[in-house]
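Notes follow the structure.
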Amino acid sequence: MKKKKILLVSHGQFRKEFLEKIIKDVQLNFNVPVHHVVDRTDMSPFFDASRRQYDANKLLKSLDSVSTAANIKTIGLYRVDLFIPILTFIFGQAIFKGKTGVVSTYRLRNEQYGMIGNEDLIYERFRKVVFHELGHSYGLIHCHIPVCVMRSSTYVEDIDQKKHLFCPKCKEELDNLMAK
């Protein structure tokens, strides 16, 4: 029997090296095989013209409908501005104890905040958000340890202050949840 895998579904143009790095890091951190596919789905049904953003809840629902039994988790990787109705913007979103999540680089770019671009920083932020959303999908809640990747991040500065790793408590809980 094949081991279930995490599926990363990229939408939009990502550099090959960027994707290879995130695949490797997810695989190492979660100790689960990772598969990647490119999806060229028309994004217009997810666009909210009044907000000029993409509805993360609709994207989650769409990803959830195409997720297969072979995938333990499916994470959509985007480059668009995401929102949920109760927040102005989000970096990512996942179904708690579910199979799917979405993450975007859009609000992780320094250019959004009037600063000089930094590809390495975008990657570090993106990796943290991917790990955070995968943590939620496995059943982890927000952590109060300042450097834990499961700490809540309202602002990009919050992401910068934490590490890409789970604190010992969250790591132990994640290992227990993944073993089930």
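A Gaussian network model of the chain, with springs between Cα atoms under 10 Å, assigns the largest mean-square fluctuation among 64, 39, 81 to 39. Averaging the Cα positions of each part gives two centres, and for region 1-67 and region 101-180 these lie 16 Å apart. Helices in the chain, meaning DSSP H runs of at least 4 residues, each add -39500 (n - 2.57). Divided by all residues, the mean residue ellipticity at 222 nm is -11000 deg cm²/dmol. Mean-square fluctuations from a GNM of the chain, with a 10 angstrom spring cutoff on Cα atoms, peak among 54, 113, 78 at 113. Dividing the convex hull volume of the alpha-carbon atoms in the chain by its residue count gives 116 Å³ per residue. Principal axis analysis of the Cα atoms in region 1-103 yields extents of 46, 29, 23 Å, listed in decreasing size.
When you restrict to C-alpha pairs under 8 Å that are six or more residues apart and normalise by the size of region 5-179, the relative contact order lands at 17 percent. Using a Gaussian network model of the chain in which every pair of alpha carbons under 10 angstrom is joined by a spring, one finds that among 66, 32, 103 the greatest mean-square fluctuation is at 66. The loop-placed trypsin sites (Lys or Arg not before Pro) in region 61-111, going by DSSP, that have at most 12 neighbouring Cβ atoms within 10 Å of their Cβ come out as 97.
Using the Cα gyration tensor of region 45-120, with a ≥ b ≥ c the square roots of its eigenvalues, what is the shape: rounded (a/c below 1.5), prolate (a/b larger than b/c) or oblate (neither)? The shape class here is oblate.
Within 10 Å, Cβ to Cβ, of residue 73, how many net charges do the neighbouring residues add up to if Lys/Arg are +1 and Asp/Glu are -1?
Here the count lands on +2.
Overall, the chain carries a charge dipole of about 560 debye about its Cα centre when +1 sits on the Cβ of Lys and Arg and -1 on the Cβ of Asp and Glu, all other atoms neutral.
Since every read-out is calculated from the coordinates, none of them should be taken as a lab result. This structure is a prediction, so every number in the text was calculated from the model and none was measured. Note: ideal-geometry Cβ built from the backbone for every residue, glycine included; neighbour counts use all protein chains shown.
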